[in-house]
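The structure under discussion appears below in the form of structure tokens.
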Amino acid sequence: MFRAGDYVKVDSLAEAYELCQKRSSVVVGGMVWLKMTSVTKRTIVDLSGLGLDKIEETGEEFRIGSMSTLRQLETHEGLNRCFNGIFKECTRHIVGVQMRNCATVGGSIFSRFGFSDLLTAMMALDTYVELYHGGIVPLAEFAARPVRRDDRDILVRIIIKKDGRKASYTTQRNSRTDFPVLACCVSRWGNDWYVSVGARPARAQVVKITDDGYDSLAKLAKEAADSFTYGTNTRGSSEYRRQLAAVYIRRLMERLTGRSVSRG
Ligand SMILES: Cc1cc2nc3c(=O)[nH]c(=O)nc-3n(C[C@H](O)[C@H](O)[C@H](O)COP(=O)(O)OP(=O)(O)OC[C@H]3O[C@@H](n4cnc5c(N)ncnc54)[C@H](O)[C@@H]3O)c2cc1C
């Protein structure tokens, strides 16, 4: 069971950052994950008074505050219009609406869980994290960093550029609201494909594949799928995941090119 002695609703990010430099403090999002752990802390640092629960759209980008919930992503008209509904698709299988009304974008992305649907979807877009201390960093670079207990930075917001990419997302799940066996997101920008695969079961990574017009989508999808490593856990074997990846990546590519979806 998670335990904490004090609760502080901070008035500024500076106050939150200062509090969080103590090992006995922890910044919280929706606490959906933390409450299941056996962590004991002296102080909970709550960011909910800082107005970070908004998704703002400008001409160039979306700015998603770290306290925005998964449900806000799922139902945001602008995000889903711009990126072909991937935010609805990557969140709708996560437990249930009540849970998605609590779990936050900040908690999801800062944790960099291997199974993260959100990380997989955002990696295929031109996405950046804004850290209070570390500044603005490309998401792929942030995701590649090891999750360390002594990393006491605060995720302020996620920035997604509206660069014209079209995207598509899918997952394989053994049952409807379980963690994914595999998560795939593909986006297309000109001749470039950005392919992100998560729940391998390692955390999501992204590769860029350039389409010179000579290769079939099946070949490009296989090339993308083979560039990742896959592992085995209770949900599936590495070989099963590799085969799923090649098929799902091809289907997502087909969806984005408007070619008829082939079998297999
Ligand atoms: C039963 C269950 C099933 C789930 N299934 C899925 C699934 O299928 N797919 C999926 O993608 N996700 C799944 N999740 C994860 C969920 O989507 C969230 O990622 C998770 O709950 C964390 O979000 P939170 O707001 O609850 O974070 P919290 O529990 O509050 O925090 C989690 C961690 O993030 C840190 N943190 C929070 N906010 C910040 C911040 N702004 N800056 C720095 N650090 C911060 C905290 O210190 C803590 O270490 C599941 C979770 C549960 C409990």
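Taken together, the values in this text are just the output of simple stated rules run on the coordinates, not laboratory data. Note that the structure is a prediction, hence the values are computed from the model and not measured. Glycine also receives a Cβ, built like all others from the backbone with ideal geometry; neighbour counts cover every protein chain displayed.
Quick look at the values:
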read-out	value
Between the stretch 11-83 and the stretch 134-210, the alpha-carbon center distance in angstrom	18 Å
Nearest 10 degrees, 0 to 90: helix 217-226 Cα axis against the chain principal axis	40 degrees
Principal axes of the stretch 115-206: Cα extent on each, largest first, Å	37, 33, 18
Whichever lysines have a C-alpha closer than 29 Å to that of K35, once near sequence neighbours (fewer than 8 apart) are set aside	K9, K22, K54, K88
The chain: angle of helix 238-257 to the longest principal axis, Cα-based, in degrees nearest 10	80 degrees
Neighbourhood net charge (9 Å Cβ-Cβ; Lys/Arg +1, Asp/Glu -1) for R63	-2
Charge tally in the Cβ shell below 12 Å around K166, where Lys, Arg are +1 and Asp, Glu are -1, K166 excluded	+3
Pair N233, V39: separation of 7 Å Cα→Cβ label points (nm)	1.8 nm
Base-10 log of normalised Debye intensity for the stretch 1-132 (one unit scatterer per alpha-carbon) at q = 0.14, 0.19, 0.21 Å⁻¹	-0.65, -1.14, -1.32
Note, ³J(HN,Hα) from phi for the stretch 41-53, Karplus 6.51, -1.76, 1.60, rounded to Hz, x at Gly and Pro	10, 6, 10, 8, 10, 9, 8, 6, x, 9, x, 8, 9
For the chain, alpha-carbon Rg and Dmax in angstrom	18.7, 62
Among R149, R176, R165: highest mean-square fluctuation, GNM of the chain, C-alpha pairs under 10 Å	R149
Residue-count net charge about H133 - beta-carbon cut-off 13 Å; Lys, Arg +1, Asp, Glu -1	-4
Gaussian network model of the chain, Cα within-10 Å springs - most flexible of A183, A246, A124	A246
For the stretch 1-60, convex hull volume per residue from C-alpha positions, Å³	102 Å³
Among R23, R100, R152: highest mean-square fluctuation, GNM of the chain, C-alpha pairs under 10 Å	R23
Reciprocal mean inverse distance between Cα atoms of the stretch 167-257 - Kirkwood radius, Å	13.0 Å
Sequence-distant residues sharing a close amide H with I154 (under 5 Å, placed H)	Y132, H133, G134
Semi-axes of the equivalent ellipsoid for the stretch 123-176, Cα gyration tensor, largest first, Å	24, 18, 9
Kirkwood Rh and Cα Rg combined as Rg/Rh, the stretch 55-161	0.94
